[in-house]
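Report on one structure; see the data block that follows.
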Amino acid sequence: MAPQATEVALSTQIFEFEGLQITYDYGGTGSPIIFLHNLGGDRSIWAEQVNALKTTNSVYALDWIGFGDSTLPDAGYTIDTYLRLLSNFIDFHELRHVTLVGNCFGSAMSLLYANQSPNNVHALVLINPLTGATFAPTTAGWAAQLLRRFPLLRGLLLRPIAASLQLPGPIAEMMVRGQLGRGGGELPVGAIAGLRGRWTEPRRLLPLAEILSELPNLAVLDKLEPDALFPPITTIWGLRNRILSTVAGETLNSTLKPRRAIFLPTAGHLPMIEDPESVTEQIRFAANDVGSRL
């Protein structure tokens, strides 16, 4: 009888960052992979990928400040703060040649980190990357421009509402299902129940309200043209994305020049949930490609 494979444990841990508690899941050994969620999710979106890849790699899936089980402070939601968090997390754990896997905002942070520390990144897997161009033609993009034009709206109106509002369950479910290309009808209930429950908690809209007007600054990524020494990039787009512009995403591919450009026809903004096997396969290939930096 063949010996049974040993189950690789996954543990939830806390990382202290500037007085805040950042929650993350960790497990496995081998070359490191960090999973970075979007602003409409939390670390739970990566459950399928983390469980599959912890057998071959060391995996880290963290909750951004204000999301999931991490501290939800009253202020401090800036791109610079989130980038500093990622950099400090990598330095604290002494991670080298890390593969960064991001969705939307997580992809943007991955690109920004790789641009400042290219020698410490093995590969990038950018899912539905958020940039100025992919964000601009959306409803949220228009709202961000309005807040930049009339900044008092954020302080006098949006912030107080976001800080006090608790979303009803049906509205929270609409927020989650709006990220899914198929509306979530064909997915197991458990795949979206956690996110739905999270959005019904008090003050969950505050981080979004605080950072929204900053997101157009990610237009800097539309001008990024990686050279031959930049970490290899894989892009993945859900073609039924209703959060970002897939048309702008195709244009972004022309400047990022990914080694692998994947388009998932039935997926939306959460392809790691909607088409988990395809996403896991691409991450596995990128993280374990020994010739990726040659």
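We did not get these values from a lab; they are worked out from the coordinates using the rules stated. Just so it is clear, the model here is predicted, and its values are computed rather than measured. Virtual Cβ from ideal backbone geometry, glycine too; neighbours counted across all protein chains shown.
General observations
- Taking amide hydrogens as placed 1.01 Å from N in the peptide plane, the amide H of residue 236 sits under 5 Å from those of 126, 127, 128, 262, each at least 5 positions away in sequence or on another chain.
- One chain, two ends: residue 166 and residue 200. Fully extended at 0.36 nm per residue, the span grows by 11.7 nm beyond their Cα-Cα distance.
- Per residue of the chain, the DSSP helices (runs of n ≥ 4 H) give a summed -39500 (n - 2.57) that works out to -10000 deg cm²/dmol at 222 nm.
- Option label - Rg and Dmax of the Cα atoms in Å computed here, alternatives [x] 18.1, 55; [y] 18.3, 70; [z] 19.8, 62: [y]
- Remark on residue 17: its backbone amide H falls under 5 Å from those of 22, a criterion applied only to residues 5 or more positions apart or on other chains, H modelled at 1.01 Å from N.
- Built amide H within the under 5 Å cut-off of residue 58, gap 5+: 29, 30, 31, 33
- Amide N of the range 216-230 lying under 20 Å from the label point, which is placed 7 angstrom from the Cα of residue 142 along Cα→Cβ: 216-217
- Centroid-to-centroid, using Cα positions, the range 230-268 and the range 73-144 are 16 Å apart.
- Here the chain is treated with +1 on each Lys and Arg Cβ and -1 on each Asp and Glu Cβ, and its dipole about the Cα centre works out to around 640 debye.
- Taking θ as phi - 60° and the Karplus parameters 6.51, -1.76 and 1.60, the scalar couplings of the range 204-213 work out to 5, 7, 4, x, 5, 5, 6, 9, 3, 6 Hz in sequence order, x denoting glycine and proline.
- Taking 16 Å as the cut-off, the amide N atoms of the range 42-85 that come nearer than this to a point 7 Å along the Cα-to-beta-carbon line of residue 21 belong to 63-74.
- Per-residue Karplus couplings for the range 63-70, computed as 6.51 cos²θ - 1.76 cosθ + 1.60 with θ equal to phi - 60°, are listed in order as 9, 4, 3, x, 10, x, 9, 6 Hz, Gly and Pro entered as x.
- Label positions at residue 84 and residue 116, each projected 7 Å from the Cα along the C-beta direction, are separated by 0.9 nm.
- Neighbour-limited loop hits for GluC sites (Glu not before Pro), the range 169-270 (at most 11 other Cβ within 10 Å; DSSP other than H, G, I, E, B): 186
- Rounded, prolate or oblate (a/c below 1.5 giving rounded, otherwise prolate when a/b exceeds b/c) for the range 154-294 by Cα gyration tensor: oblate
- The stretch between residue 11 and residue 263, if pulled fully straight at 0.36 nm per residue, gains 87.5 nm over its current Cα-Cα span.
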